[in-house]
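Engineer: This is the structure, below, for whatever I ask next.
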Amino acid sequence: MQVKRIGLVAHDGQKRNLTEWVEWNREVLTKYDLVCTGTTGKIIKDALSKCVEKEYFDEHFTILKSGPLGGDQQLGSMIVNGDIQLLIFFWDPMESQPHDVDVKALLRITTMYNVPAACNRSTADFLISSPLLKEEYECKQEDFSAYIHRNI
């Protein structure tokens, strides 16, 4: 079974919340490959490096560009290619983002490709504790080709 990849993203107002969640769930998370957008990745790596072996980061931890600089789109591309199996995205509902369009596109892609996504701590807790996370699981994807051809 291939190691699952979990995408981790947080807006500035939620980075502390995501970092606390990651620290709390470090034993589970370090069994998977983690992919983070820029600043979030650096913060999480600093938090985990206190209790996780350095070798883990070399093989299982990827930091993409910052969200506003294309990181959200990189993550979306990975979802489209089947390289991300779960997304934890703590977005800030009280703060407008300069890259809101990218955020909406990322969440749209998770829905289109049937990738589980958590936008808050409670949902993330449910997903990370699901027995399905430990098993081989194939997401059933809807065929949107009829919709595309209908609107051309």
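Engineer: Under the 0.36 nm per residue contour assumption, what length would be gained going from the current alpha-carbon distance of Glu138 and Asp125 to full extension?
Structural biologist: That works out to 2.6 nm of additional length.
Engineer: What's the angle, to the nearest 10 degrees (0 to 90), between helix 15-24's Cα axis and the longest principal axis of the chain?
Structural biologist: 70 degrees
Engineer: May I pose another question? Using θ = phi - 60° and the Karplus form 6.51 cos²θ - 1.76 cosθ + 1.60, what ³J(HN,Hα) does each residue of the stretch 101-110 get, whole Hz, x for Gly and Pro?
Structural biologist: Result, ordered by residue: 4, 5, 4, 4, 4, 4, 5, 5, 5, 4 Hz.
Engineer: A follow-up question, please. Given the DSSP H assignment, sum -39500 (n - 2.57) over each helix run of at least 4 residues in the chain and divide by its residue total; what's the result at 222 nm in deg cm²/dmol, nearest 500?
Structural biologist: Taken over the chain, the calculation gives -12500 deg cm²/dmol.
Engineer: Over 26 Å between Cα atoms, which of Lys54/Lys134; Lys4/Lys54; Lys31/Lys65; Lys50/Lys104 qualify? Numbers along the way, then the final one.
Structural biologist: Details: Lys54/Lys134 24 Å; Lys4/Lys54 20 Å; Lys31/Lys65 23 Å; Lys50/Lys104 34 Å.
From the list (Lys54/Lys134; Lys4/Lys54; Lys31/Lys65; Lys50/Lys104), the Cα-Cα distance tops 26 Å for Lys50/Lys104.
Engineer: Find me the longest stretch of the chain that has none of the exposed trypsin sites (Lys or Arg not before Pro), where exposed means in a DSSP loop (not H, G, I, E or B) with at most 10 other Cβ atoms within 10 Å. Before the final figure, lay out the partial values.
Structural biologist: Working: sites that count: Lys50, Lys140.
Longest stretch, sites excluded: 51-139.
Engineer: Starting from the Cα of Lys45, draw a straight line to each of the aspartates and glutamates and keep only those under 17 Å, dropping any in the same chain fewer than 8 residues away.
Structural biologist: Asp12, Glu20, Glu23, Glu27, Asp33, Glu53, Glu55, Asp58, Glu59
Engineer: Note the angle between two axes, namely the Cα long axis of helix 71-80 and the longest principal axis of the Cα atoms of the chain, as a number of degrees from 0 to 90, rounded to the nearest 10.
Structural biologist: Approximately 60 degrees, to the nearest ten.
Engineer: Same structure again: Using the basic label-point model (7 angstrom from Cα toward the beta carbon), what is the Lys42 to Lys104 distance in nanometres?
Structural biologist: About 2.9 nm, to one decimal.
Engineer: Same structure, new question: Once you put a point 7 Å from the Cα of Ala146 and another 7 Å from the Cα of Val28, both along the Cβ direction, what distance in nm separates them?
Structural biologist: 3.7 nm
None of the figures in this text is laboratory data; all of them are computed from the coordinates on show. Bear in mind that the values here come from a model prediction, so they are computed numbers and not experimental data. Counting neighbours? That spans all protein chains shown, and the Cβs are built from the backbone with ideal geometry, glycine included.
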